[in-house]
1. For chain A, with a Gaussian network of springs between Cα atoms less than 10 Å apart, report the residue from A:Phe105, A:Phe241, A:Phe206 with the top mean-square fluctuation.
2. List the residues, sorted by chain then number, that are 5 or more residues from B:Cys320 or on another chain and whose placed amide H is less than 5 Å from its amide H.
3. Rolling a 1.4 Å sphere over the protein heavy atoms, what is the accessible area per residue of the stretch A:1-143, to the nearest Å²?
4. What are the membrane-span-like helices in chain A by this rule: whole DSSP H runs, Cα extent along the axis at least 20 Å, mean Kyte-Doolittle hydropathy at least 1.0?
5. Residue-wise, which Karplus ³J(HN,Hα) couplings in Hz belong to the stretch B:244-255, taking 6.51 cos²θ - 1.76 cosθ + 1.60, θ = phi - 60°, and x for glycine or proline?
6. As I understand it, the value is the acute angle between the Cα axis of helix B:115-127 and the longest principal axis of the Cα atoms of chain B; what does it come to in degrees, rounded to 10?
7. Based only on the alpha carbon positions, what is the Kirkwood hydrodynamic radius of the protein assembly as shown, in angstrom?
8. Loop only by DSSP, 15 or fewer other Cβ within 10 Å of the Cβ. Give me the trypsin sites (Lys or Arg not before Pro) in the stretch B:86-143 that pass, ordered by residue number.
Amino acid sequence: MSRYVTKRILQIIPIILVVSVLIFAIMSLVPSDPITIIMSQTSATAEEIEAARDAAGYNDPFLVRLGNYLKNLYLHGDMGKSFKTGSPVFKDLMSRLPVTFRLAFGSILVSVLLGIPLGVLSAVRAGSLSDRMTMFFTLMLNSMPNFWLALMLVILFSLKLKLLPTNGIGGLEHYILPVIANSVGAVAGIARQTRASVLEVIRSDFVSTARSKGLKERVVIWKHALPNGLIPVITSIGGFFGRLLGGSMVIEMTFSLPGVGSYMINGINNRDYDCVQGAMLWIAFIFAVTMLVVDLLYAFIDPRIKAQYAASSAKKKAKKEAA
Amino acid sequence: MENEKNNKLLEIKDLEVRYRSGGRSVHAVNGVSLSVDRGEILGLVGETGAGKTTIAKSILRILPDHAIQSVSGEIIFDGEDLLKAKNNRMTAIRGYKISMIFQDPMTALNPIMPVNKQIAEGIALHMGVSKREAIERANKMLETVGISSDRGGEYPHQFSGGMKQRVVIAMALACRPDLLLADEPTTALDVTIQAQVLELIANLQKELHTAMILITHDLGVVAGVCDKVAVVYAGEILESGTKEEIFDHPKHPYTKGLFGALPDLSKKVSRLSPIDGLPPDPTNLPPGCPFAPRCPKATDECRQGAIALEALNPDHLCRCIHIDE
C-alpha cells in the first residue's frame, strides 16, 4: 500500500511538468503581451514597443523562452513575477490561498452535508412525490449558471434585504453568499449521484441480509447501503473539490474575493504570463493531489480495492526480484 | 392436546402475495397454508418461480416494498400474527426469533465489512451485549461453522463460496433463532461443498433445536434432511405431508412428475420422463388447477373451479380430484 502511495505521489511530477509546458505553449499563442498592452496606452511608437519587447525577450524563439521558463521554474523554484505589480507570483499565490481555501472548504462542507442526505432520502423514497420534487429541483439547480445565481442572491440578500455584504472580504458574513452560490450546483450534483448509487445498492442481497438480521432501516441504509454506494459519490465530490481548490474564478470575480481564481482572471486580462502560468500550475497540482486523495479514499472504503493496490505493487516487486 | 398446541411454532393461513409489474399484477403466492412445529424441518419443493422465496420473505416481511401490491392472510408465529406486527416488533423478531439463509452467498454478505463484524451486529442488537463481547461471540460462531476465528477480521472477498455460506449460516444462527428459513442454501455451491454445508445446517439445527423451512428444488436434499414436505406450484401447495408419505406414496400428478424427472439407479430406464410444458404465467393463471395445462390426467372439471386441498390421511394432503384413479 505504501508503495502504491509513493508511486502515485511520484506520478504527480510528470503531470506538473507536462502541464507547465502546455500552459507556456498556450500562453505564447495568445496574441498581444503585457508590454504592448501597457505601452500602447502611452504615446510610445511601434518601434519603441518593439524595442522593449526585444529587451524583455518576447521576440526570442519559442524554445528558448520555454527553456528559460522551465529552468527558472524547476532549477531555481522561481515562478516569475507579475509584470504589472512586480511582486513575485509565488508570494501572491500564497497570500491568496487562504481566501480560496475558505471558500472551497465552506462550499464542499455545505455540499456534502446537504447533498448526501438529500440523495439518500430520495433513493429510499424512490418514485414518491418528495423524490420527484427533489430530482426536479436538483436538476434545475444543477443547470443554473452560478454567476447568475450569485447575482440574484446579491440582489435579494444584499440590495433588497440588506442582510449581507455584496462583495469584498472581511468577516464570516462575506463568505455566506459566495459559499451558497458555489454549493448549489454541487449539492444538486452530489444529491443526484448519491441517489443513483444508493438506488443501485439498495436492491442488493446483502441489504436484505442486513434487514433480516433485524437492523433498523436507518442502520441498514446508512451503515450497509450508503457506504457501498459511496465510490461514485466520492469521485464526484473529489471533482467538485479539486475545482474549488483551484479557485472558483466566476464566484471570486463576482464577489471581488482576492482568491487564486480572480488572480488568474486578472492575469489573463493583463496578459500577465507569469501570473497565469503560476495560477494554472497551482490548479493542476491541487487537482492531482485531490484525485490522489480520492483514490486513497477508495481503498479506505473498499477492502477489495485496497487489496488490488497492494497486489499490483507486490506483483511488480516479485517481477523485479525474479529479473 | 395442550402440548401439541404449544408445539406449533409457525402457522401460515391463506397467504396471498401479489407483485406489481409493469401495470399487471403477478400472482406470486395464492392461498398457501402450512405449519411448522418446533424443531421440525419442512421442505418447500418447487420449480423456479413457484413462489417459495416469496413465502419465506413474507414470513420475515422483507419483501421489496416497491414491488408489492398486496399481502394478505395470516402468518402466526408463536401466537402472534406477523403480518399485523408493528415494524419495530418485526425488527426485534428478525435475526433473533426468525432468521434467514440466502441463496447466493456471493452477494449475501456486505463486501466492505469484516465478516465477524457482520455476525456481531445481530448479536449486539438482540443479546444486549457490548460490541467487544459480540465480536468474541461472532468469532466463536465462526469456529462452530468450521472457520478459524483468526479469519474473523477478513472481508467476504477473501473467502471461497462455501466459506461465505458458512459465514451466512453463522450469522443466521448466531442468536439461536426458533425458526430458520433456508432459501436454497446450497444451490449456488459446488456439488462437493453442497453436502458439507447441508450437513452443517442439519447438525446445527438439531443442536439448537431450531425449526427450519428448507426451500429447495432438489428432491435429494429433501430426502436427506426434511421431516415434512410441501410441493409448491404456481404459488399454491399441491401436495404436502410427511416425507415418507410424499416419497413413498406421491399422489398428485405434479409430484409424480417431479419424481419421474429424477434418475433412479435401482431401475433400468432408458430415458427420464420430464414434465412437458412450462409453469403458467403468474400474471394470467388458469382458473382451475394451475397444473391442468400440463397434466396428463386433466379433465374439463380440473379447468373450472378452484380445487380444494384434501386430507388423504392426517399426514398427507393433496389438491387433486383424480387421485383415486
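The values are calculated or read from the model by the stated rules, or taken from the named source; none is laboratory data. What you see is a predicted model, and the numbers here were worked out from it, not measured in a lab. Reconstructed Cβ throughout: ideal geometry from the backbone, glycine too, with neighbour counts over all protein chains shown. Remember, those area values only see protein heavy atoms, side chains included, never the ligands or the DNA or RNA. Shrake-Rupley method; radii C 1.70, N 1.55, O 1.52, S 1.80 Å.
1. Most flexible of the set in this elastic network: A:Phe206.
2. B:Glu310
3. Ligands and nucleic acids excluded, the result is 60 Å² per residue.
4. A:2-29, A:89-124, A:226-245, A:273-301
5. Values, residue by residue: 4, 4, 5, 6, 8, 10, x, 10, 6, x, 5, 4 Hz.
6. Taking the Cα atoms of chain B, the angle to B:115-127 is about 90 degrees.
7. 30.2 Å
8. Taking the stretch B:86-143 and a limit of 15 other Cβ atoms within 10 Å, the loop trypsin sites (Lys or Arg not before Pro) found are B:Lys86.
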